[in-house]
Protein chains: 2
Amino acid sequence: MAFKVIEKNILKASEDTANENREVLRHNNVFTVNIISSPGAGKTSLIERVGPVLKEEGVPFTVITGDCFTTRDAERIDVLKIPVIQINTGNACHINGQLIKAALKDVDLTKMDLLIIENVGNLVCPAQFDLGEDTKIALFSVPEGDDKPVKYPLIIKQSRLALINKMDLLEHSDFDVSFCEESIKKINPGIETLLISCKKDEGLDGFISWVKENIKIKKERNR
Amino acid sequence: MAFKVIEKNILKASEDTANENREVLRHNNVFTVNIISSPGAGKTSLIERVGPVLKEEGVPFTVITGDCFTTRDAERIDVLKIPVIQINTGNACHINGQLIKAALKDVDLTKMDLLIIENVGNLVCPAQFDLGEDTKIALFSVPEGDDKPVKYPLIIKQSRLALINKMDLLEHSDFDVSFCEESIKKINPGIETLLISCKKDEGLDGFISWVKENIKIKKERNR
């Protein structure tokens with residue numbers, strides 16, 4: 001019984017920190033996304049592809065990337081001269097609000113329109129943690145199979161956008177796009193879904209428009 | 001500081017249950033594997049492929065499959081007339097020893113040579129939990145990328161066998177097999193690695209031999 005109480009305290013502390021982060025990000029008009037996927041679904045590839053475009057279009061942004069032990073993802077992003085902060089979680093399976101709070105101390109929020117958080121590769125735990133973001137983004141990929149939304153519904157419920165990556169592998173798989181999209185809509189009717197291929201640079205315009213539109217909406221709302 | 005102590009207590013209880021499970025499985029000569037992978041890497045497909053062969057060859061076995069909410073995996077195995085027990089973990093990201101202990105009450109261990117545990121799709125947390133198994137099996141797949149062993153080393157350290165699945169997609173990917181195999185060996189020099197394709201039924205003979213050999217070794221050791 002004692003454990004339950006402790007857990008609640010941890011979750012409460014976590015919620016408080018998420019709210020602090022949200023307030024700081026709101027105050028500075030920074031639209032913040034928390035990208036969640038399985039290992040290897042393409043979170044870093046997505047940032048590698050859209051990062052340079054956003055930069056070219058003058059959108060000031062920073063990336064916070066989470067990984068248990070390595071700095072591989074941050075290195076891939078750093079090489080593109082995109083500002084990036086690596087969070088190593090050790091054996092922990094998700095980024096929490098405290099880690100984001102610490103990371104935010106190292107960036108100048110007044111000069112940013114967008115914060116992209118790349119969570120640890122894991123569809124279960126990261127979905128349960130509020131970091132203070134505007135929305136989570138659920139990223140799936142074709143080779144994982146079309147039943148992943150059904151099996152991991154929480155992340156869909158928490159997201160305004162679902163991306164289905166590696167569409168280039170569709171012809172080599174029995175992935176049913178309609179079934180996958182319908183299961184996503186059934187779990188969260190308000191969600192938008194985009195089919196993309198980071199490898200072939202397909203469908204990413206839609207993602208970039210979505211990001212820019214949301215930056216605009218956040219700024220207008222805060223006016 | 002109090003949290004640490006509680007955590008230790010939970011881990012201790014978990015360890016005790018794992019040891020109880022291990023003793024029961026040892027007493028009954030049941031070789032037990034705990035298969036861990038990312039979502040959609042092919043745990044259920046592996047069981048679908050090798051299950052019928054093991055059955056045909058007269059190896060008595062049971063499958064325990066873990067998933068957060070659905071019974072999809074158990075249904076896929078049940079249709080092949082393979083005894084299967086579904087564990088639903090809710091929002092929990094791994095199977096623990098207590099859940100296995102409960103599941104073991106529903107099977108006749110005296111009539112089994114092999115127990116296959118299919119863990120929740122997650123490379124982080126399941127690696128940290130001892131269920132009382134003889135060994136974990138790390139299952140990776142080509143589309144996830146060749147850097148997954150480097151990024152998730154704990155599961156490699158805990159496994160005697162690593163499987164690299166979806167080799168049929170190798171030609172459509174930049175996956176470097178040598179790099180992946182070398183990283184696995186660097187983390188755990190004693191581990192065996194097998195390249196497989198559940199889709200094309202390739203390399204699975206090697207897995208079946210490995211299982212049968214280990215069943216034999218366990219029986220001889222207990223004599």
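The values are calculated or read from the model by the stated rules, or taken from the named source; none is laboratory data. Because the structure is predicted, anything quoted here is derived from the model rather than measured. For neighbour counting, all protein chains shown are included, and Cβ atoms are generated from backbone atoms with ideal geometry for every residue, glycine included.
For the stretch B:32-78, the set of residues classified as among the β-branched types (Val, Ile, Thr) and in contact (Cβ under 8 Å) with a residue 60 or more places away in the chain consists of B:Thr32, B:Val33, B:Ile35, B:Ile36, B:Thr44, B:Ile47, B:Val50, B:Val53, B:Val59, listed by residue number. Scanning the stretch A:136-164 for residues that are surrounded by fewer than 23 Cβ atoms within 10 Å (Cβ to Cβ), over 28 Å from A:Thr71 (Cβ atoms) and more than 9 Å from chain B (Cβ to nearest Cβ) yields A:Asp146, A:Lys157, A:Arg160.
Answer yes or no as to whether B:Ile164 is touching a residue at least 60 places away in the same chain (Cβ under 8 Å) and either β-branched (Val, Ile, Thr) or closer than 16 Å to B:Ile36 by Cβ (or both). No; evaluated as a whole, the condition is false for this residue. Within the stretch B:185-216, the set of residues being part of a helix (DSSP H, G or I), touching a residue at least 40 places away in the same chain (Cβ under 8 Å) and either exposed (fewer than 13 other Cβ atoms within 10 Å of the Cβ) or among the hydrophobic types (A, V, I, L, M, F, W, C) (or both) comprises B:Leu204, B:Phe207, B:Ile208, B:Trp210, B:Val211, B:Ile215. Annotation: B:Asn188 fulfils all but one of (1) more than 12 Å from chain A (Cβ to nearest Cβ); (2) on the phi > 0 side of the Ramachandran plot; the unmet one is (2).
Is there a residue in the stretch A:57-73 that is touching an Asp or Glu at 6+ places or on another chain (Cβ under 6 Å), β-branched (Val, Ile, Thr) and closer than 23 Å to A:Phe207 by Cα? Yes, some residue in the stretch A:57-73 is touching an Asp or Glu at 6+ places or on another chain (Cβ under 6 Å), β-branched (Val, Ile, Thr) and closer than 23 Å to A:Phe207 by Cα. Taking the criterion of being away from every other protein chain (no Cβ under 14 Å) and surrounded by fewer than 19 Cβ atoms within 10 Å (Cβ to Cβ), the residues of the stretch B:110-129 that qualify are B:Thr110, B:Lys111. The residues on offer are B:Glu220, B:Glu182, B:Glu133, and the sole one that is away from chain A (no Cβ under 14 Å), charged (D, E, K, R), assigned to a loop (DSSP other than H, G, I, E, B) and farther than 21 Å from A:Ser45 by Cβ is B:Glu133. Look at (1) within 25 Å of A:Ser209 (Cβ to Cβ); (2) assigned to a loop (DSSP other than H, G, I, E, B); (3) not aliphatic (A, V, I, L, M) and you find that A:Asp168 fails only one, number (2).
Number of residues in the stretch A:168-179 that are more than 12 Å from every other protein chain (Cβ to nearest Cβ) and buried (at least 16 other Cβ atoms within 10 Å of the Cβ): the value is 0.
Scanning the stretch B:52-109 for residues being in a helix (DSSP H, G or I), within 14 Å of chain A (Cβ to nearest Cβ) and closer than 21 Å to B:Gly42 by Cβ gives a total of 5. Of the residues making up the stretch B:51-70, those that are within 19 Å of B:Pro126 (Cβ to Cβ) and more than 16 Å from the chain's Cα centre (by Cα) are B:Cys68, B:Phe69, B:Thr70. When A:Glu23, A:Glu48, A:Glu15 are checked against the criterion of being at pLDDT below 90 and either outside any helix (DSSP H, G or I) or of a type outside the set (A, V, I, L, M, F, W, C) (or both), a single residue qualifies: A:Glu15.
Looking only at the stretch B:121-143, residues that are modelled with pLDDT of 95 or more, closer than 15 Å to B:Ile100 by Cα and hydrophobic (A, V, I, L, M, F, W, C) come to 1 in all. Looking only at residues in the stretch A:84-109 that are surrounded by fewer than 23 Cβ atoms within 10 Å (Cβ to Cβ), more than 19 Å from B:Ala92 (Cβ to Cβ) and among the β-branched types (Val, Ile, Thr), the one that is farthest from the chain's Cα centre (by Cα) is A:Val107. Among the residues of the stretch A:110-128, those that are under 25 Å from A:Arg26 (Cβ atoms) and part of a helix (DSSP H, G or I) comprise A:Thr110, A:Lys111, A:Pro126, A:Ala127, A:Gln128. When you scan the stretch B:60-70, do you find a residue that is surrounded by fewer than 19 Cβ atoms within 10 Å (Cβ to Cβ) and not hydrophobic (A, V, I, L, M, F, W, C), even just one? Within the stretch B:60-70 (the criterion being surrounded by fewer than 19 Cβ atoms within 10 Å (Cβ to Cβ) and not hydrophobic (A, V, I, L, M, F, W, C)), the answer is yes, since at least one residue qualifies. Any residue at all in the stretch A:171-184 that is within 20 Å of B:Phe140 (Cβ to Cβ), touching a strand residue (DSSP E or B) at 6+ places or on another chain (Cβ under 8 Å) and among the aromatic types (Phe, Trp, Tyr)? No, the stretch A:171-184 has no match at all.
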